[in-house]
Every structure is written in C-alpha cells, then in structure tokens.
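Trainee: Quick one: the structure is below, questions incoming.
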Amino acid sequence: MATRSSPAGKFVGIQELPIGNDGSMSDGNPSLFSNKLKIVFSRQSGNFSSLQVFIASRLQTIANFSNVQAIGNVNSEAADQTPFISADARELWFSSSRSDLATNKGQLFRALASGEGFGEAKPVEPPNASSTRQEAPVLSADGKTLFYAGDGDGGYDQNDIWEARWDAESTSFKGGLFVAELSSANSRDYPSWVSRDGCRLYVHTTNADGKQTILVGVRPQ
C-alpha cells in the first residue's frame, strides 16, 4: 500500500497491508470497494488449489482492515483467484479452475451481491470458452467493457490482454478482442484496474526471466 497527496504527486510510505497474514500465506490481487471500507483479494495457504477469494473490512478509511474471511458461495475446491469488485459493488468477478481440474485452466466467474455477502458464483459465457484460458477480470465502471487475461486465436501466448464488450441484444459480453499494444510475446500479462472513463488501464507483466513490471496504457478521450 502507498499513498499520495494529489493525483499528480508521487506515492510515498509504501508498506505491507495488514490483513491478518502471519507470513505463512501469500496474498495478492487486491480490489478495493469504491467506499474504501472493504477489500477483496486472493490468498494461498498451500498448493495451487488452496487459492481462495477473501474479503476484509474496516469501519473508517484511516483504520486497518480486519474481519478477514473467505467469501461464502464463491470459493470451491479448485483454485479461485484474481477477484475484482465492480464500481457499484454489486458484482464480484474472479477466475477459477473448477471447470478444468486436470489442467487448472482458469475461466471467469461472477457472483452478485446478496445482503451482506454474495450469491452463488456462476460462469460467464461468453467470453468463457472451454478451449481457451480466461483469468484476471477487470470490469469498466459502466459495466460495458470487460478486460481479462487469456489465450486465443491471434494472441501471442497463454496470457495476453483481451477485451470484450457488452451486447445489449444478446445480453452477454462479445468480442474477445486481442489488445496487442498491452500484450507481449513470451510474457504473462494481466489487467489490474481501469479508470472510470475507460481510458487508462493498468496491467502487470512477468517476462521469461521472472521480472515483474507494472504498466499503464492510455487511450485518447
């Protein structure tokens, strides 16, 4: 976690986010609710299939997060990871390998808010396809554009950046457009966050040597 005094300033005070990790577990893929009082993230306590989606909360924005717990109706016996909360907090998106335990191939799932929690997680088809991998969903603020990582015809390799757009007529996402300018050959590329106007997308990439880099792409308004 890091903070800055203005959008144009530099980030300072980088520190580990205290969310009840005693050091024996791996936490990642944080997604903050718009009110900044809740956060979802993935936690791994053992092998790959131990990955689960967790949530933590706090009473005010200056307090540390507490009440850390796995999210009911969402996790499975497979790897569940890369959660993303929608701008209106009504949809929890994530990727899961529950549909293909043999290869651990991820697909996109979505759970709708229900009371203080979330309802049953269901696969998102399309863009899910049994022949390809879909992971790390990032939904635009208006809910009409979906970015995700995966493979497919026309891409570089198994983890490129893809974009799907909402089709009102079919009431589903369509497209599966390869975002070449934010993808690299021989690397693993994942979207992380998109600005409210949809013109700025943050991604993180890992090259063949294991080096991780944070990138940002900007589209003209």
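Computed from the coordinates by the stated procedures, all read-outs in this text should not be read as laboratory data. The structure displayed is predicted, hence computed values, not measured ones. Cβ placement follows ideal geometry from the backbone for every residue including glycine, while neighbour counts extend to all protein chains displayed.
Trainee: Show me the ranking of peptides 167-178, 96-107 by mean Cβ neighbours inside 10 Å, starting with the highest. Intermediate results must be reported in sequence, preceding the final value.
Mentor: Working: 167-178: 13.4, 96-107: 17.1.
Order by mean packing, descending: 96-107, 167-178.
Trainee: Still on this structure, I have one more. What lysines sit close enough to LYS10 to cross-link, taking a C-alpha to C-alpha distance under 26 Å and skipping anything fewer than 8 places away on the same chain?
Mentor: Within the straight-line cut-off, LYS10 pairs with LYS36, LYS38, LYS211.
Trainee: Okay, moving on. Would you list ASP27, ASP80 from fewest to most Cβ contacts within 10 Å? All intermediate terms of the calculation are to be shown ahead of the outcome.
Mentor: Details: ASP27 17, ASP80 27.
Ordered from fewest to most neighbouring Cβ atoms within 10 Å, ASP27, ASP80 come out as ASP27, ASP80.
Trainee: Something else about it: Could you give the length gained by full extension between ASN186 and THR171, i.e. 0.36 nm per residue of separation minus their alpha carbon distance, to one decimal place?
Mentor: Working: separation 15, 0.36 × 15 = 5.40 nm, distance 3.47 nm.
Computed gain between ASN186 and THR171 is 1.9 nm.
Trainee: Let me ask another. Which shape class applies to segment 67-144: rounded if a/c is under 1.5, otherwise prolate when a/b exceeds b/c and oblate if not, where a ≥ b ≥ c are the square roots of the Cα gyration tensor eigenvalues?
Mentor: Values: a/c = 2.13, a/b = 1.28, b/c = 1.66.
Judged from the Cα gyration tensor, segment 67-144 comes out oblate (a/c at least 1.5, b/c at or above a/b).
Trainee: Moving to a separate point now. From the residues MET25, ALA2, GLY72, which one has its Cα farthest along the dipole of segment 1-123 in the positive direction, the dipole being from +1 and -1 charges on Cβ of Lys/Arg and Asp/Glu about the Cα centre?
Mentor: So the residue we want is ALA2.
Trainee: Moving on. Give the order of ILE19, ILE14 when sorted by the count of other beta carbons within 10 angstrom, beginning with the fewest. Please list the in-between numbers first.
Mentor: On the way: ILE19 19, ILE14 8.
Fewest to most other Cβ atoms nearby, the residues stand as ILE14, ILE19.
Trainee: A follow-up question, please. Among VAL53, VAL74, which comes first, then next, by fewest other beta-carbon atoms within 10 Å? Show your work: numbers first, answer last.
Mentor: On the way: VAL53 27, VAL74 24.
Sorted ascending by nearby Cβ count, the order is VAL74, VAL53.
Trainee: What is the dipole size for the chain, taken about its Cα centre, with +1 at each Lys and Arg Cβ and -1 at each Asp and Glu Cβ, in debye to the nearest 20?
Mentor: Dipole of the chain, to the nearest 20 debye: 660 debye.
Trainee: Taking the Cα-to-Cβ direction at THR3 and at ARG200 and moving 7 Å from each Cα, how far apart do the two end points lie in nm?
Mentor: Rounded to a tenth, the inter-label distance reads 1.9 nm.
Trainee: What is the extension gain from ASN104 to LYS122, computed as 0.36 nm multiplied by their sequence separation minus the C-alpha to C-alpha distance, in nm to one decimal? If you can, show how the numbers build up before the last one.
Mentor: Numbers: separation 18, 0.36 × 18 = 6.48 nm, distance 1.73 nm.
Gain on extension, ASN104 to LYS122, equals 4.7 nm.
Trainee: When the Karplus curve 6.51 cos²θ - 1.76 cosθ + 1.60 is applied with θ = phi - 60°, which whole-Hz ³J(HN,Hα) does each residue of segment 197-202 get, with x for Gly and Pro?
Mentor: With coefficients 6.51, -1.76 and 1.60, one gets 7, x, 9, 9, 10, 8 Hz.
Trainee: Remind me, relative contact order of segment 1-123 in percent, using alpha carbon pairs under 8 angstrom and six or more residues apart? Let's see the in-between values first.
Mentor: Working: 267 pairs, mean separation 21.0, N = 123.
It comes to 17 percent, rounded to a whole number.
Trainee: Evaluate the relative contact order of the chain (contact order divided by residue number), counting alpha-carbon pairs under 8 angstrom at least 6 apart; express in whole percent.
Mentor: 10 percent
Trainee: Quick one: which residues, 5+ away or cross-chain, put their amide H under 5 Å from the amide H of GLY20? H built at 1.01 Å from N.
Mentor: Amide H neighbours of GLY20, under 5 Å, 5+ apart: none.
Trainee: Using the Cα gyration tensor of segment 5-67, with a ≥ b ≥ c the square roots of its eigenvalues, what is the shape: rounded (a/c below 1.5), prolate (a/b larger than b/c) or oblate (neither)?
Mentor: Details: a/c = 2.09, a/b = 1.68, b/c = 1.25.
It comes out prolate by the Cα gyration axes.
Trainee: Can I ask one more? Between ASN207 and LEU112, what is the spin-label point distance in nm, taking each point 7 Å from the Cα along the Cα→C-beta axis?
Mentor: 4.5 nm
Trainee: In whole Å, what are the extents of the chain along the principal axes defined by its C-alpha atoms, from largest to smallest?
Mentor: Dimensions of the chain along the principal axes of its Cα atoms: 46, 42, 42 Å.
Trainee: Evaluate the charge dipole of segment 18-128 about its Cα centre and quote only its size in Debye, nearest 20, assuming +1 on the Cβ of each Lys and Arg and -1 on the Cβ of each Asp and Glu.
Mentor: Numbers: 9 positive and 10 negative charges, 42 e Å.
Roughly 200 debye for segment 18-128.
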